[in-house]
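K.L.:
Let me give you the structure first, and then I'll get to my questions.
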Amino acid sequence: MLGNQVIKLSTASQEKLKKMYHEYAVAPPPYATFSAKTPGFVVTIYQSGKVMFQGKDAETEAVKWGTPAEKKQASTPNTVLPEGFSSWSVVGSDEVGKGDYFGPLVVVAAFVSRDQIALVKELGVKDSKQLSDPEIIRIAKDLHATIPYQKATLHNPTYNNMQRTMTQGKMTAIAHNAALRALLEKLGQKPDAILIDQFAEKSVYYQHLRAERDIVRDDVYFSTKAEGLHVAVAAASILARAFFLKEMDKLSKQAGLTLPKGAGAKVDQVAAQIIRRHGQDYLQKIAKVHFANTKKALNLNERRL
């Protein structure tokens, strides 16, 4: 199944996008002003200002330009959970690193029982986007000693190998299922529910997992903005971010320079430096090489010649 991501861009951003992909330009479809077909995705700008990315790399490419339009419009979670859900004993699952060129994809599943909810909140657990990196590392250390959790990490060599035959969405689903399965095996009790911070529709998520042997299905809920629905998801997010930061520090030391987060222009510049120092193949060890940043970095180096 091909990925499909829609975002809304300003006129200025549309012009930047056109310049970025002009070498791949093709005849646009009806009601569109621009279309380009790259090896990994097709991007189309419509008269409405909406921009559609389609193809195996659509998800990772779209996130570099903006937030998917469907998610941006949703100011509230998209799932109605049972009454009193926030006080249940829940396993929460979340991932970090999907939109970062450097570093791994990390998924953490964390269990917070009803009698630990107050304690976990007292530790400072909340939406990880509201916390600084030092705060995340500090809180994660406390969580490590307080709640059961399991992580599934797709380090860059593994990620790049898997990406040759599957989408990022499928890899993410496999990692979530692996973390959930490992945690459920470790727990001495059955949780009231499992809540996954939604990155794909439920039907798509399970379609991604159809070839897996042990699929976690019982009492599983999916919702966007899940960090605000149960503290277990917020805890999972903080732990995942802490592991991601630790891995980024390690990779930075190995590469000999600080690897920036995200997938912006600074990332292109650092990737170009790494290619000059260590060769293009080195990116396989530290980066998600299917991102457009690889091509941009190579172009930067060509212009230096």
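K.L.:
Give me the percent relative contact order of the chain, please, defined on Cα pairs under 8 angstrom at least 6 residues apart.
P.N.:
Details: 543 pairs, mean separation 66.0, N = 305.
Contact order relative to length: 22 percent.
K.L.:
Then there's this: For region 256-304, calculate the relative contact order in percent as a whole number, restricting contacts to Cα pairs under 8 Å that are 6 or more residues apart.
P.N.:
Details: 35 pairs, mean separation 19.1, N = 49.
Relative CO of region 256-304 lands at 39 percent.
K.L.:
Find which of 123, 174, 89 sits farthest along the positive direction of the dipole of the chain, computed with +1 on the beta-carbon of Lys and Arg, -1 on that of Asp and Glu, about the Cα centre.
P.N.:
174
K.L.:
Here's a follow-up. What size of dipole, in debye to the nearest 20, comes out for the chain about its Cα centre when the only charges are +1 on Lys and Arg C-beta atoms and -1 on Asp and Glu C-beta atoms? Intermediate values should be presented prior to the final figure.
P.N.:
On the way: 42 positive and 30 negative charges, 224 e Å.
Roughly 1080 debye, rounded to the nearest 20.
K.L.:
Taking a ≥ b ≥ c as the square roots of the eigenvalues of the Cα gyration tensor of region 256-304, is the shape rounded (a/c under 1.5), prolate (a/b larger than b/c) or oblate? Walk me through the numbers on the way to the answer.
P.N.:
Working: a/c = 1.23, a/b = 1.08, b/c = 1.14.
Since a/c stays below 1.5, the shape of region 256-304 is classed as rounded.
K.L.:
With angles folded into 0 to 90 degrees, how steeply does helix 293-304 sit against the dominant principal axis of the chain? Use alpha carbons for both and round to 10.
P.N.:
Tilt relative to the chain: about 40 degrees.
K.L.:
Follow-up question, since we're still on this one. Cα centroids of region 229-305 and region 1-45: how far apart, whole angstrom?
P.N.:
So the separation of the two Cα centres works out to 25 Å.
K.L.:
So if we plug the beta-carbon distance of residue 302 and residue 254 into 1/(1 + (r/R0)^6) with R0 = 22 Å, what FRET efficiency do we get, rounded to 0.05?
P.N.:
Working: r = 26 Å, r/R0 = 1.17.
Using R0 = 22 Å, I get an efficiency of 0.30.
K.L.:
Related question: Pick out which of 113, 87, 48 has the largest mean-square fluctuation in a Gaussian network model of the chain, springs linking Cα atoms closer than 10 Å.
P.N.:
With Cα springs under 10 Å in the chain, the top fluctuation among 113, 87, 48 is at 48.
K.L.:
Taking K and R as +1 and D and E as -1, what net charge do the other residues with C-beta under 11 Å from the C-beta of residue 65 add up to?
P.N.:
Values: positive: 8, 16, 64; negative: 61.
With Lys, Arg at +1 and Asp, Glu at -1, the neighbours total +2.
K.L.:
Which net charge results when you count Lys and Arg as +1 and Asp and Glu as -1 among the other residues whose beta-carbon is under 12 Å from that of residue 23? Write down the numbers at each step before the final one.
P.N.:
Values: positive: 18, 19, 37, 295; negative: none.
Its environment carries a net charge of +4.
K.L.:
In addition: Just to confirm the number: angle between the C-alpha axis of helix 133-144 and the first principal axis of the chain, 0 to 90 degrees, nearest 10?
P.N.:
Long axis of 133-144 versus the principal axis of the chain: about 40 degrees.
K.L.:
Another one. Can you tell me which of 109, 240, 145 moves the most in a GNM of the chain? Springs connect C-alpha atoms under 10 Å apart.
P.N.:
In the Gaussian network model the winner is 145.
K.L.:
Kindly express, to the nearest 10 degrees and within the range 0 to 90, the angle between helix 11-20's C-alpha long axis and the longest C-alpha principal axis of the chain.
P.N.:
Approximately 70 degrees, to the nearest ten.
K.L.:
Explain nothing, just the number: relative contact order of region 172-305, from Cα pairs under 8 Å at least 6 residues apart, as a whole percent. Mind showing how you got there, number by number?
P.N.:
Details: 99 pairs, mean separation 22.6, N = 134.
Dividing the mean separation by the residue count of region 172-305 yields 17 percent.
K.L.:
Take the alpha carbon gyration tensor of region 141-210, find the square roots of its eigenvalues, order them as a ≥ b ≥ c, and report rounded if a/c is under 1.5; if not, report prolate when a/b exceeds b/c, else oblate.
P.N.:
On the way: a/c = 2.43, a/b = 1.47, b/c = 1.65.
It is oblate, given that a/c is not under 1.5 and a/b is not larger than b/c.
K.L.:
Which net charge results when you count Lys and Arg as +1 and Asp and Glu as -1 among the other residues whose beta-carbon is under 10 Å from that of residue 160? Write out the running numbers ahead of the final one.
P.N.:
Values: positive: 164, 285, 288; negative: none.
Local charge sum for residue 160: +3.
K.L.:
Among 121-132, 191-202, how do they line up by average Cβ neighbours within 10 Å per residue, starting with the highest? Walk me through the intermediate numbers first.
P.N.:
Details: 121-132: 15.3, 191-202: 19.7.
Top to bottom by mean Cβ count within 10 Å: 191-202, 121-132.
K.L.:
Is the shape of region 85-250 best called rounded, prolate or oblate, per the rule: a/c under 1.5 gives rounded, else a/b larger than b/c gives prolate, else oblate, with a ≥ b ≥ c the square roots of the Cα gyration tensor eigenvalues? Please report the intermediate quantities before stating the final value.
P.N.:
Values: a/c = 1.80, a/b = 1.17, b/c = 1.54.
Because a/c hits 1.5 or more and a/b fails to exceed b/c, region 85-250 counts as oblate.
K.L.:
Let's test the formula: R0 of 45 Å, r as the Cβ-Cβ distance of residue 146 and residue 23. What FRET efficiency results, to the nearest 0.05? Before the final figure, lay out each step's value.
P.N.:
Details: r = 52 Å, r/R0 = 1.16.
The value I calculate is 0.30.
K.L.:
Nearest 500 deg cm²/dmol is fine: what mean residue ellipticity at 222 nm does the chain get from its DSSP H runs of n ≥ 4 alone, each adding -39,500 (n - 2.57), divided by its residue count?
P.N.:
Mean residue ellipticity at 222 nm (helix-derived): -12500 deg cm²/dmol.
K.L.:
Between 161, 177, 293, where does the largest GNM mean-square fluctuation fall for the chain, given springs only between Cα atoms within less than 10 Å?
P.N.:
Of 161, 177, 293, the most mobile in the Gaussian network model is 161.
Read the figures in this text as sums done on the coordinates, not as results from a lab. Here the structure is a predicted model, which is why all the values come from computation and not from measurement. A quick note on method: Cβ atoms are made from the backbone with ideal geometry, for glycine too, and the neighbour counts reach across all protein chains shown.
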